[in-house]
Amino acid sequence: MRILFINNFGSGFADHLEVPEGTTAEKLFLEQIPHGSPRDYLIRVNRLPVSAGQVLCEGDRITITPTKIEGASS
Amino acid sequence: MKQRSRSLFRAASRIRAGLVRRRHDLTSLLLPERQWADCVRTLSQIQRATRQGWQRAAAQLQQDLVREVDTCRTYLHQLSLEIQKFAKAATIPSESDIYRDLLGLESEFGEVECDFDNTELCVTTPDVTLEGIHLGPFQIRLDWCRLDQSPAYRVIALDANPAESDESVTHPHVNDDTLCEGDGRLALRSAIDDGRLGDFFLLVWRLLDTNAPGRAYVELSNWHGSPCHECGASTDEDDRCFCSGCDEVYCPGCMCSCADCDRDFCVGCISTCAICDSHVCDGCRDDCAACREIVCPSCLTDGICTRCRDKQEEEEQDHEESQHLPAGQADTTKPSQPVVDADHVAKKGACHV
């Protein structure tokens, strides 16, 4: 099935991905950010917070945003 | 449709129009008019040279024309790439998509305010507290008529607790209602480019909820005071000292008093007397005319420090004793005098050595 994956880490990007049926939000996260911890990110599916075990559906929009982003002074 | 939904949908429509303007802003593109004018002029010169029978001139101008046409072609190719870049960009979200983003924002942040008078979409963050310092909630105001400009949004502290040293700094990374985006800059740009409003506000909120020590307008460690110019320690209003020399702020530990005038100075604006080790400011210090060391007024007499004066007296005494020795044992050498800088003495006034 096809989903929209939006990664707000770094320069930020949005991309369509093919994922197997039954993929959970956590599984997708670990595949896309293998060295990251879900605790350090806000994970939204279709603009709403979800549990780690949420099963993704065709056409879902998954967004991950780091909880900490460092600003600057100039 | 309820009044609230109508308002959000109306805002979504305005925001989409702003995104369309941003996407189709080709005003910065320039056609190669000057380069084309060069081609036209050179061709006209070739035709004139040919009519006159100036074959060599015509051949030379023909080479010029080839070069100018190539330049024109290069410009047009680059222009074509630029225009294609605009066309290839992600599609602009529909009004429904933007409307759903606004609903998502309401579930994330509570009510979303649509300020149609100021053309701003306003979202209020939860209270922000960084390293124990309460900075209050912030309102993020995105101007949908300025989406093609940077920055297109303002960050207003609703219960401002600004830095003591600078009231325009309401957050370590916010100055004059402008957020310095740092590591979030590209992601924010991408979110606005794609019209992902939910992501945009979420990113700004996460930036506001993060402190980056060493990259702040005012460090949180100095939020309720001013940093000491010497050691960096925060000094509150009661402890704050100002150097009489450079006028910078210092903590009490980095200040010294001049032993002569009692005024306070930082360690960089005060010297140490070479004789008694007391602190002496630039206005009170003097240089010994003999050894050129810095000395305080108490350790200086007639331009000579006490150490040089003692040495001089010892040598005079030795000389006098040698005068009273039996003939043949007398020391014929003159007592050595401290070497005195004549200019220095003249400058400082009387010096009876």
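The values are calculated or read from the model by the stated rules, or taken from the named source; none is laboratory data. Given the structure is predicted, the values throughout are model-derived calculations rather than measurements. Heads up, the Cβs are rebuilt from the backbone with ideal geometry, glycines too, and the neighbour counts pull from every protein chain shown.
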Complete set of residues in region B:276-311 that are polar (S, T, N, Q) and surrounded by fewer than 16 Cβ atoms within 10 Å (Cβ to Cβ): B:S298, B:T301, B:T306
Single residue of region A:15-43 satisfying the filter (in a strand (DSSP E or B) and either within 11 Å of A:F5 (Cα to Cα) or within 14 Å of chain B (Cβ to nearest Cβ) (or both)) that is modelled with the lowest pLDDT: A:D15
Any chance B:E219 is farther than 21 Å from B:L130 by Cα, more than 8 Å from every other protein chain (Cβ to nearest Cβ) and of a type in the set (D, E): no
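So that you can scan it fast, the table gives a plain yes or no per residue for (1) within 14 Å of chain A (Cβ to nearest Cβ); (2) out of contact with any Pro (no Cβ under 9 Å at 6 or more places or on another chain); (3) within 30 Å of B:L105 (Cβ to Cβ):
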residue	(1), (2), (3)
B:F200	yes, yes, yes
B:L207	yes, yes, yes
B:N211	yes, no, yes
B:H229	no, yes, no
B:G232	no, yes, no
Hey, B:Q78 at pLDDT 90 or above and surrounded by fewer than 14 Cβ atoms within 10 Å (Cβ to Cβ) or not: no
Residue ranges of helices (runs of 4 or more DSSP H) in region B:26-136 with at least 3 members away from chain A (no Cβ under 14 Å) and of a type in the set (A, V, I, L, M, F, W, C): B:33-52, B:55-88
Subset of region B:121-158 (residues that are at pLDDT below 95 and under 17 Å from B:L179 (Cβ atoms)): B:R146, B:L147, B:Q149, B:S150, B:P151, B:A152
Long-range neighbours under 7 Å by Cβ, at least six apart or interchain, first residue within 30 Å of B:L220 (Cβ to Cβ) and within 8 Å of chain B (Cβ to nearest Cβ) within region A:45-74, second outside any loop (DSSP other than H, G, I, E, B) and among the small types (G, A, S): A:I69/B:G184; A:E70/B:G182; A:G71/B:G182; A:G71/B:G184; A:A72/B:G182
Residue check, B:Y217 more than 20 Å from the chain's Cα centre (by Cα) and hydroxyl-bearing (S, T, Y): no
Filter pass, B:F109 being in contact with a strand residue (DSSP E or B) (Cβ under 8 Å, 6 or more places away or on another chain) and among the aromatic types (F, W, Y): yes
Within region A:44-58, tally of residues that are in a strand (DSSP E or B) and farther than 13 Å from A:T23 by Cβ: 3
